[in-house]
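Here the structure comes first, spelled out in structure tokens, and everything after it is commentary.
What follows draws every value from the coordinates through simple rules; no lab data is involved. Note that the structure is a prediction, hence the values are computed from the model and not measured. With ideal geometry, Cβ positions are generated from the backbone for all residues, glycine too; neighbour counts draw on all protein chains shown.
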Amino acid sequence: MVDVRFYKYVVNSQVFYKSKHTYALVNLKPLVPGHVLVVPLRTSVLRFADLTKEESYDYMDTLQLVHKFIISVYKADSLNIAIQDGPESGQSIPHLHTHLIPRFKSDGYGDSIHTKIERSDLEEGYKEFEDRKFAFGKSASMLVNIDVLRVARSEEVMRKEASWLAAELIKFTSESE
């Protein structure tokens, strides 16, 4: 089995769906339950425009599938779909990824969820700034500040969630056919 990587991180245990060019995984630091990411398998895809035509079709198909699935399984009223395309937009990991965030009439976030995305997608540690600087060709001072207050979930918690979502997705797709 070939390792699935999110940038340089092996995320095999977090993946709950994989297609030819794309995968979906549970989030290390979700804003709300059900906050997942959709990511191209090719780690050299830094930005949305870097997808090939075939990859972009597969990426959009995966986004639509996971979108419908997350709304169904979490009984969400709506969904935020967010791509931070480049470091100046808040993208902290130099690998294209799309946030899918379930929203509820009662959640009270409104548009402030966008601020939470910008502040929560960030990695801890100054060394990561240097990695991003190299990958993006920008100075570290141009990148957004690190949010060190959020706590990462354990590998076991993420593995359990990914296993549950994978099983639920099989049910969802069989019922949708």
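Picking from residues in the stretch 30-51 that are touching an Asp or Glu at 6+ places or on another chain (Cβ under 8 Å) and touching a residue at least 40 places away in the same chain (Cβ under 8 Å), the one that is surrounded by the fewest Cβ atoms within 10 Å (Cβ to Cβ) is 48.
Do we find that residue 45 is in contact with a strand residue (DSSP E or B) (Cβ under 9 Å, 6 or more places away or on another chain), among the hydrophobic types (A, V, I, L, M, F, W, C) and closer than 20 Å to residue 164 by Cα in this structure? Before you say what the answer is, go through the steps one by one.
On the way: in contact with a strand residue (DSSP E or B) (Cβ under 9 Å, 6 or more places away or on another chain): yes; among the hydrophobic types (A, V, I, L, M, F, W, C): yes; closer than 20 Å to residue 164 by Cα: no.
Answer is no for this residue.
Across the stretch 41-58, the number of residues qualifying as farther than 11 Å from residue 97 by Cα, of a type in the set (A, V, I, L, M, F, W, C) and either in contact with a Phe, Trp or Tyr (Cβ under 6 Å, 6 or more places away or on another chain) or in a loop (DSSP other than H, G, I, E, B) (or both) comes to 1.
For the stretch 59-77, enumerate the residues that are assigned to a helix (DSSP H, G or I) and acidic (Asp, Glu). Even if it seems obvious, please write down each step before you answer.
Taking the stretch 59-77 as the starting set, the residues that turn out to be assigned to a helix (DSSP H, G or I) are 59-74.
Hit for the stretch 59-77 is 61, nothing else.
Look at the stretch 4-27: where a residue is under 17 Å from residue 156 (Cβ atoms) and touching a residue at least 12 places away in the same chain (Cβ under 8 Å) and a partner is of a type in the set (Phe, Trp, Tyr) and outside any loop (DSSP other than H, G, I, E, B), sitting 6+ places away or on another chain with Cβ atoms under 6 Å, you get 15/23.
Only residues that are surrounded by fewer than 19 Cβ atoms within 10 Å (Cβ to Cβ) and assigned to a strand (DSSP E or B): list them for the stretch 16-29, please.
Restricting attention to the stretch 16-29, the residues satisfying the condition of being surrounded by fewer than 19 Cβ atoms within 10 Å (Cβ to Cβ) are 18-20, 29.
18 - this is the single residue of the stretch 16-29 that is surrounded by fewer than 19 Cβ atoms within 10 Å (Cβ to Cβ) and assigned to a strand (DSSP E or B).
With the condition kept exactly as written, say whether any residue in the stretch 78-92 is of a type in the set (Asp, Glu) and not in a helix (DSSP H, G or I). For the stretch 78-92, residues of a type in the set (Asp, Glu) and not in a helix (DSSP H, G or I): present.
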